[in-house]
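Only one structure is covered here, and it is reproduced in the block below.
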Amino acid sequence: MTTVGLGIPRIGSPLRHIPDAAGRPDVDGLIDRFGRVARDLRVSITEKCSLRCTYCMPEQGLPAIARDDLLTPTEIGRLVEIAVRDLGVHDIRFTGGEPLMRPDLAEIIARSSAVAGDASISMTTNGIGLDKRVDELVAAGLTRVNISLDTVDRDHFARLTRRDRLPAVLAGIEAAKRAGLTPLKINAVLMRDTLDGAVALLSWAIENGCRLRFIEQMPLDADEAWVRENMVDAAELLDVLGSRFTLTAPHREDPSAPAEEWLVDGGPATVGIIASVTRSFCDDCDRTRLTAEGTIRSCLFGDDETDLRGMLRSGVEDVEIADRWRAAMWHKQAGHRIASPDFVRPERSMGAIGG
């Protein structure tokens with residue numbers, strides 16, 4: 001079977017700079033100078049991980065963050081409350097490193113859920129150990145999970161992650177399904193090394209009731225081995241998947257969602273592609289990021305960080321923290337500029353930022 005009439009539609013419209021001669025508008029939300037409003041909060045809670053994926057972590061792991069420098073569950077809960085109550089955030093996602101490496105993860109989720117109102121509480125994880133903790137996490141308030149899985153070939157998985165842990169990941173996936181954390185999304189980073197296995201991975205996902213999303217690899221690897229010319233883009237992936245499946249009706253469920261979804265063989269199964277590099281969705285980005293050390297990053301590719309941990313620990317009122325957060329987001333850059341000759345990769349790798 002082959003793909004027909006696909007294309008990758010552009011999201012939204014070009015950014016329009018808001019003149020800031022008079023400063024930031026007097027609004028509660030996290031608006032930036034280009035009119036985007038951040039409603040999706042990514043919270044990194046650790047730099048530690050149980051895998052060493054080549055596109056994310058160095059073989060020896062990331063430099064350890066001192067325990068006292070990490071945000072506590074109480075501090076995370078307070079910032080989540082400020083984000084939801086004062087800043088208009090409606091999606092909370094915990095990331096790492098690997099969030100399951102935090103022994104107090106259930107407390108973090110419980111404190112956040114207690115103040116999150118109608119905001120969703122989700123997590124991105126590699127799934128290792130999830131089978132042993134999923135019940136307590138759901139009881140604490142976890143509603144959704146995305147699980148990272150780039151291949152279902154055990155030998156290939158071991159080479160790619162530098163750990164022979166595929167059975168543990170699959171156990172985590174099954175546990176998430178049993179716990180009702182559905183629809184279960186699987187994230188796969190698209191690489192030259194995994195392209196040949198893309199058809200097998202999509203077949204596996206369909207057979208196991210998972211929603212697979214391929215993600216173009218970004219220059220956020222700790223080893224700095226990423227080269228644009230070697231990157232597998234969405235168009236090449238579509239050609240490979242088209243050798244086995246018919247993909248139709250590309251669409252987005254939400255204009256700010258990064259994944260473009262295709263029906264597989266007429267549906268209802270779908271496959272998503274997040275073309276972060278070749279089809280940038282910066283124009284519609286709605287994310288704000290909190291690092292494990294308590295700094296705000298307005299952009300995945302921006303090295304500017306604004307410290308909130310110091311404010312938390314010095315007795316500053318919530319209203320001042322919210323204002324500092326708003327100011328940080330107001331100066332968010334227009335986009336990542338990966339295709340530009342003067343592009344400079346961020347100092348932190350994906351594992352240290354939290355994705």
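The values are calculated or read from the model by the stated rules, or taken from the named source; none is laboratory data. Nothing here was measured: the structure is a model prediction, and the numbers come from that model. Cβ: placed from backbone, ideal geometry, glycine included. Neighbour counts: every protein chain shown. The accessibility values were calculated without ligands, DNA or RNA, using every heavy atom of the protein model including side chains. Shrake-Rupley method; radii C 1.70, N 1.55, O 1.52, S 1.80 Å.
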Q: Could you rank the peptides 146-157, 25-36 by their average count of other C-beta atoms within 10 Å per residue, with the highest value first?
A: 146-157, 25-36
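Between T306 and D265, what FRET efficiency follows from the Cβ-Cβ distance if R0 is 45 Å, with the result rounded to 0.05? Walk me through the intermediate numbers first.
Numbers: r = 47 Å, r/R0 = 1.04.
That pair, T306 with D265, gives E of 0.45.
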Q: Taking only protein heavy atoms into account and a 1.4 Å probe, give the accessible area per residue of the range 129-177 in Å².
A: 44
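If packing is taken as the average number of other Cβ atoms within 10 Å across a peptide's residues, how do 163-170, 291-298, 57-64, 176-183 rank, most packed first? Don't skip to the end; give the middle numbers.
Values: 163-170: 18.1, 291-298: 22.1, 57-64: 13.9, 176-183: 16.1.
In descending order of packing, they fall as 291-298, 163-170, 176-183, 57-64.
For the range 70-152, what % of the accessible area comes from carbon and sulfur atoms, probe 1.4 Å? Mind dumping the intermediate values first?
On the way: 1410 of 2760 Å².
Roughly 51 percent, rounded to a whole number.
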Q. Roughly how many nanometres apart are two label points built 7 Å out from the Cα toward the Cβ at T278 and A235?
A. 0.6
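Would you calculate the convex hull of the Cα atoms in the range 110-160 and tell me its volume per residue in Å³?
On the way: hull volume 4.4 nm³, N = 51.
Taking the convex hull of the Cα positions in the range 110-160, it is 87 Å³ per residue.
Go ahead and run the numbers for FRET between Q60 and D323, Cβ-Cβ distance against an R0 of 35 Å, rounding to 0.05.
Values: r = 40 Å, r/R0 = 1.14.
Using R0 = 35 Å, I get an efficiency of 0.30.
Could you give the accessible area per residue of the range 252-295, probe 1.4 Å, as a whole number in Å²? Don't skip to the answer; put the middle values down first.
Details: 1400 Å² over 44 residues.
Accessible area per residue: 32 Å².
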Q) Within straight cross-link reach of K177, meaning Cα distance under 24 Å, which lysines are found once same-chain residues fewer than 8 apart are removed? A) K132, K185
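Tally Lys and Arg at +1 and Asp and Glu at -1 over the other residues with C-beta under 13 Å from the C-beta of I321: what net charge comes out? Spell out each step's value before the answer.
Details: positive: R78, R85, R309, R313, R324, R326; negative: E75, E81, D86, D307, E317, D318, E320, D323.
Cβ neighbours under 13 Å give a net charge of -2.
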Q.
Using a 1.4 Å probe on the protein heavy atoms, what percent of the accessible area of the range 277-321 belongs to carbon and sulfur?
A. 45
Q) Distance in nm between label sites at A249 and R162, each 7 Å beyond Cα in the beta-carbon direction? A) 4.4
Q | the range 115-235: radius of gyration over Cα atoms, expressed as a fraction of 2.2 N^0.38 Å | A | 1.13
